[in-house]
Amino acid sequence: MLTIEWSASEGWQAPLIKPFGNLSLHPACSSLHYAIQAFDQSEFLECIRRLVKIDQDWVPHSDSASLYIRPTFLGTEQSLGVKKAANALLYVILCPVGSYFNSQTDGLSLWADPKYTRAWKGGTGNYKMGGNYGCSLFAQYEAEDHGCQQVLWLYGEDHQITEAGTMNIFLHWINEDGEEELATPPLDGIILPGVTRQSILELTGKWGEFKVTERYLTMSQLCSALQQLRVKEAFGSGTACMICPIRHIVYQGENLHIPCQDKDSQLSSRIAKELTDIQHGRTPSDWTFLV
Ligand SMILES: *Cc1c(COP(=O)(O)O)cnc(C)c1O
């Protein structure tokens, strides 16, 4: 593991790569992202490169598995008070992972209940902060009680579609104006700005085959599009699963069936293939970084 300690008096300490071990944390440890001068980005990338190099034998040689890199930043202040931490730890651990959801091929089932809110304007939902995830588990368990795999997070009176579990969400459809469109909600403070989301927007934007839009999507827009057979596909995106087709949404007592194209014309599988080709170096790209 890679560890880099920080303290208010000394600033950032020298990065250290050491055998994986447990951390001893004070129970009051808290995430803090704006309280501290960030560690230099390119230095951090170099530290991760060295860590991966040391652990290179753990890199799976398969398209359906990868080495997951998990950086975390914690407050390690030795006190119980709610205040800006004077000590903090940035650390990185690695582990090989297989595909995240077992029923990936059949597609996900989502539970959409407007009584739960994942993130709100003025909150921290657009950061990968620990506090956002603990409180999402309650809804997750309710989704499972209703036979669904993940939560479809809605927002506001008009039940805006925001995210699916811990994934960004995409809708491939014929929009209200009759245009073929790939749409995902805009980064307005309640959406996690996922790197997979950004990659999909850039990749499909470059194809120039259909409209690629960051826009609001509501449940009522989705429901009328489903009725009028204008929905082609919907899928979630994230590092862990890459692309995960959505097959069912349970909403207000109804089980909405989300269509999918046949395997050869599926947008989700085409995007997944192009991204995997980039990740494995089969398609040259300035997104890759040589270890
Ligand atoms: C991690 C995460 C995502 C996906 O982000 P990636 O950078 O693509 O892995 C989307 N939504 C939430 C809530 C997340 O925590």
Exercise. May I ask you to list the lysines whose Cα is less than 17 Å away from that of LYS18, ignoring any residue fewer than eight positions away on the same chain?
Key: LYS53
Exercise. Pull up all non-local amide H partners of ARG215: gap of 5 or more, or a different chain, and H-to-H distance under 5 Å with H placed in the peptide plane.
Key: THR184
Quiz item: Which whole-number percent gives the relative contact order of the range 219-291, counting Cα pairs below 8 Å spaced six or more residues apart?
Solution: 21 percent
Exercise. Would you mind checking LYS83/LYS128; LYS128/LYS211; LYS121/LYS273; LYS211/LYS273 for any pair whose Cα atoms are more than 24 angstrom apart?
Key: LYS128/LYS211; LYS121/LYS273
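Based on the alpha-carbon gyration tensor of the range 201-291 and its eigenvalue square roots a ≥ b ≥ c, which shape applies: rounded if a/c is under 1.5, prolate if not and a/b is larger than b/c, or oblate?
Working: a/c = 2.31, a/b = 2.06, b/c = 1.12.
Verdict is prolate for the range 201-291.
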Quiz item: Give me the Kirkwood hydrodynamic radius of the range 129-251 in Å, from all C-alpha pairs, to one decimal place?
Solution: 15.1 Å
Exercise. Give, rounded to the nearest 20 debye, the magnitude of the charge dipole that the chain has about its Cα centre when Lys and Arg contribute +1 at Cβ and Asp and Glu contribute -1 at Cβ.
Key: 620 debye
Exercise. Before rounding to the nearest 500, sum -39500 (n - 2.57) across all DSSP H runs of length at least 4 in the chain and divide by the residue total; then give [θ] at 222 nm in deg cm²/dmol.
Key: -6500 deg cm²/dmol
Quiz prompt | Computed over the range 136-188, Cα set: Rg, Dmax in Å | solution = 13.3, 39
Self-check item: Over the chain, equivalent-ellipsoid semi-axes from the Cα gyration tensor in Å
Solution: 35, 24, 17
Quiz item: In Å, what Rg and Dmax follow from the Cα atoms of the range 158-206?
Solution: 11.5, 32
Quiz item: What size of dipole, in debye to the nearest 20, comes out for the range 114-244 about its Cα centre when the only charges are +1 on Lys and Arg C-beta atoms and -1 on Asp and Glu C-beta atoms?
Solution: 340 debye
Quiz item: Gaussian network model of the chain, Cα springs within a sub-10 Å range: biggest mean-square fluctuation belongs to which of GLY236, GLY130, GLY208?
Solution: GLY208
Exercise. Using a Gaussian network model of the chain whose springs link C-alpha atoms within less than 10 Å, name the residue from LYS115, LYS211, LYS232 with the highest mean-square fluctuation.
Key: LYS115
Quiz prompt | Shape category assigned to the range 43-122 from the gyration tensor of Cα positions, a/c cut at 1.5 | solution = oblate
Quiz item: What size of dipole, in debye to the nearest 20, comes out for the range 236-282 about its Cα centre when the only charges are +1 on Lys and Arg C-beta atoms and -1 on Asp and Glu C-beta atoms?
Solution: 120 debye
Exercise. Choose one of ILE243, ILE169, LEU51: the residue whose Cα lies farthest towards the positive end of the charge dipole of the chain (beta-carbon charges +1 Lys, Arg; -1 Asp, Glu; about the Cα centre).
Key: LEU51
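Laboratory data are not the source of any read-out in this text; all were calculated from the coordinates shown. None of the values given here were measured: they were computed from a predicted structure. All Cβ positions, even for glycine, are placed from backbone atoms using ideal geometry, and neighbour counts span all protein chains on display.
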